[in-house]
Amino acid sequence: MRSVWRFFSSVRLAIVLIILITLASIVGTLIPQGRGAAQYAARYGGLAGPLAALQLTNLYRSGWYLALLLLLAVNILVCTVSRLGPKRRRAFGPAPGTEAEAVAAMRPGARLRLPHPLAAAKDRIVAELEGQRYRLAESAKDGKIRILARKRRLGWFGSDIVHLGLLVIIAGGVASGLLGRRADLALIEGRTAAVPHASFAVRLDAFETEYYPGGAVKDWKSTVTVVEGGAPVLTRVVEVNHPLTYRGVSFYQQRYGWDWSGARLVLELRTPGGQAPGRTISLKAGETVEVGSTDVTRIAVRRFVPDFVIGDGNRVQSRSNAPDNPAALVEAWKGEERVFAGWVFAKFPDFGQGHGAGPGGKPGEGPGGSKLSVALKDYAAAPFSVLEAASDPGANLIWLGCALVMAGLFLAFYWPPREIRVVLEEAAGRVELAAGGHAPKSREAFRSEFEAIIETIRRPA
């Protein structure tokens, strides 16, 4: 049992555990946590499997990381308990029966004779020490009076309060890792989304993007209403570094985008020659509209992608959600005959994969060799705001632990305890005084205070 106690009270064990936890935390910072398997496969390739097997993609909830935290907590607790008893006795224990020679040998220390009666000398010493805000404990035995004066006694426990703060931080970290929840909410103006693991929902009332004069994004602002029980409860503006917190859930402005699934497009149809302005048609992606002209009777947009690229397997996909290369897959008919089918590009109107399907036989031509051109003139989609809903039940514990650590460091470095021992005994009609003091830190300042006290006591009343 003693060997186990010595093992867990070892400073070396604490150093090793702190190094391991620090290294693991660095890895957890470099590797995104809690993402999908596809994201890890795209980012790390063949390493995605080993990373998941080692629980490095969910590190803060992994068994081995929690085991390191538990071992550190046990180490801190054992170290604190083993040292707490002697410190408590030193700070609050009774005055020891120390002899005059041992007291005078303390550093700083002093011996002197006082021309006062024993009771008067004691009263004067007590008054001086209490004036310096010392707390006194007295004892009388064998004709001697012993006085133990102490102040700033909490300074003895500075390191213990630091240890307590660390334990609270570890508890908060474990609570955050096991019980914390994070989810992204993509909200379109006017829509309401339920908050995961909560009894309320949020509605996006308005979204605004502010720009610098050069065109770069300056800020995103989301006006959000909390809805609980079907009724609005709270409305706030959420922006970067200014979250909304409600019932333990904080909403952070993450990013923004566009809902291209319902994009509204404007197409321009041109007939042979292309000299006169073409006819414009407004429709949504996935919609078919009747045109009713002699060249085209109906037109449809089969698909729209904001950032056109040809990916694996020659499949068309969007490289991003930003409209960097918008393109639409358009089909047009004259009666039952398809006269146009292909991709049209907003930024490259002369480039496309459109081709005619009529009996004229030439690509891009309709019946009788007529040619139809389609241009993507405009596109618009409802913007959406992405809010991160974060629930962190351990945050308050972590803040409390940090406050305890700061308080402990203050006590340890700026509130050092001070102790003065005095032994009085009467001999040959005079009072012999032996005094000594101790301070673990700021010893020069304590020596000056001690000498000033002795000098005051030495002076005649």
Item checked: Breaking point among (1) at positive phi; (2) modelled with pLDDT of 90 or more, for ASP142 -> (2)
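Let's see how each residue does on (1) surrounded by 12 or more Cβ atoms within 10 Å (Cβ to Cβ); (2) over 30 Å from ILE161 (Cα atoms); (3) among the aromatic types (Phe, Trp, Tyr):
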site: GLY45; (1), (2), (3): no, yes, no
site: LEU56; (1), (2), (3): yes, yes, no
site: CYS79; (1), (2), (3): yes, no, no
site: PHE92; (1), (2), (3): yes, no, yes
site: ALA104; (1), (2), (3): yes, yes, no
site: GLY109; (1), (2), (3): yes, yes, no
site: LEU114; (1), (2), (3): yes, yes, no
site: PRO117; (1), (2), (3): yes, yes, no
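From the list GLY28, GLY34, pick out the single residue that is in contact with a helix residue (DSSP H, G or I) (Cβ under 9 Å, 6 or more places away or on another chain), at positive phi and touching a residue at least 24 places away in the same chain (Cβ under 8 Å).
On the way: GLY28 fails: at positive phi.
Criteria check complete, one pass: GLY34.
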Note to self: Restricting to the stretch 336-351, name every residue that is under 22 Å from THR297 (Cα atoms), open to solvent by 40 Å² or more (accessible area, probe 1.4 Å) and touching a strand residue (DSSP E or B) at 6+ places or on another chain (Cβ under 7 Å).
What the structure shows: ARG338
Check: Are there any pairs, at least 6 apart or on different chains, whose C-beta atoms fall under 9 Å, with the first in the stretch 153-173 and modelled with pLDDT of 95 or more and the second open to solvent by 50 Å² or more (accessible area, probe 1.4 Å) and polar (S, T, N, Q), and if so, which?
Finding: none
Checklist line | Failed condition for ARG113, given (1) out of contact with any Gly (no Cβ under 6 Å at 6 or more places or on another chain); (2) assigned to a helix (DSSP H, G or I) | finding: (2)
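Counting only residues that are hydrophobic (A, V, I, L, M, F, W, C) and touching a residue at least 12 places away in the same chain (Cβ under 8 Å), which one in the stretch 58-67 is surrounded by the fewest Cβ atoms within 10 Å (Cβ to Cβ)?
First, pick out the residues of the stretch 58-67 that are hydrophobic (A, V, I, L, M, F, W, C): 59, 64, 66-67.
Narrowing further to those that are touching a residue at least 12 places away in the same chain (Cβ under 8 Å): 59, 66.
Working: LEU59: 21, LEU66: 17.
Looking at residues that are hydrophobic (A, V, I, L, M, F, W, C) and touching a residue at least 12 places away in the same chain (Cβ under 8 Å), I get LEU66.
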Notebook entry, point to check: If only one of VAL238, VAL289, VAL330 is in contact with a Lys or Arg (Cβ under 8 Å, 6 or more places away or on another chain), within 21 Å of ILE188 (Cα to Cα) and among the β-branched types (Val, Ile, Thr), which one is it?
Noted result: VAL238
Notebook entry, point to check: So how many residues does the stretch 199-251 have that are within 25 Å of SER176 (Cα to Cα) and of a type in the set (Phe, Trp, Tyr)?
Noted result: 3
Check: Out of (1) surrounded by 15 or more Cβ atoms within 10 Å (Cβ to Cβ); (2) farther than 30 Å from ALA403 by Cβ, the odd one out for VAL168 is which?
Finding: (2)
Next item on the list: Within the stretch 103-125, track down each residue that is free of Cβ contacts under 8 Å to residues at least 60 places away in the same chain and of a type outside the set (A, V, I, L, M).
Entry: ASP123
Next item on the list: Could you check, for the stretch 316-328, whether at least one of its residues is farther than 19 Å from LYS377 by Cα and basic (Lys, Arg)?
Entry: yes
Check: modelled with pLDDT under 85 and either under 26 Å from TRP258 (Cα atoms) or outside any loop (DSSP other than H, G, I, E, B) (or both): does that describe PRO349?
Finding: yes
Note to self: Just the residues that are open to solvent by 70 Å² or more (accessible area, probe 1.4 Å) and more than 30 Å from PRO349 (Cα to Cα), please, taken from the stretch 236-275.
What the structure shows: ARG236, VAL237, ASN241, HIS242, THR245, ARG247, TYR252, GLN254, ARG255
Check: Out of all the residues in the stretch 204-223, is one or more of a type in the set (Gly, Ala, Ser) and either in contact with a Ser or Thr (Cβ under 8 Å, 6 or more places away or on another chain) or surrounded by 18 or more Cβ atoms within 10 Å (Cβ to Cβ) (or both)?
Finding: yes
Next item on the list: Just give me the residues in the stretch 126-142 being touching a residue at least 24 places away in the same chain (Cβ under 8 Å) and assigned to a helix (DSSP H, G or I), in sequence order.
Entry: GLU128, LEU129
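Report, by residue number, each residue of the stretch 1-38 that is of a type in the set (S, T, N, Q) and surrounded by 13 or more Cβ atoms within 10 Å (Cβ to Cβ). Even if it seems obvious, please write down each step before you answer.
We begin by selecting, within the stretch 1-38, every residue of a type in the set (S, T, N, Q); these are 3, 9-10, 22, 25, 29, 33.
Once the filter is applied, which keeps residues that are of a type in the set (S, T, N, Q) and surrounded by 13 or more Cβ atoms within 10 Å (Cβ to Cβ), the stretch 1-38 yields SER9, SER10, SER25, GLN33.
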Check: Residues in the stretch 147-163: is at least one part of a helix (DSSP H, G or I), more than 30 Å from THR98 (Cα to Cα) and open to solvent by 40 Å² or more (accessible area, probe 1.4 Å)?
Finding: yes
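The values are calculated or read from the model by the stated rules, or taken from the named source; none is laboratory data. The structure presented is a predicted model; accordingly, all values stated were derived computationally and were not measured. As a convention, Cβ positions derive from the backbone with ideal geometry for all residues, glycine included, and neighbour counts pool all protein chains shown. Keep in mind that these areas ignore ligands, DNA and RNA; they rest on the heavy atoms of the full protein, side chains included. Shrake-Rupley method; radii C 1.70, N 1.55, O 1.52, S 1.80 Å.
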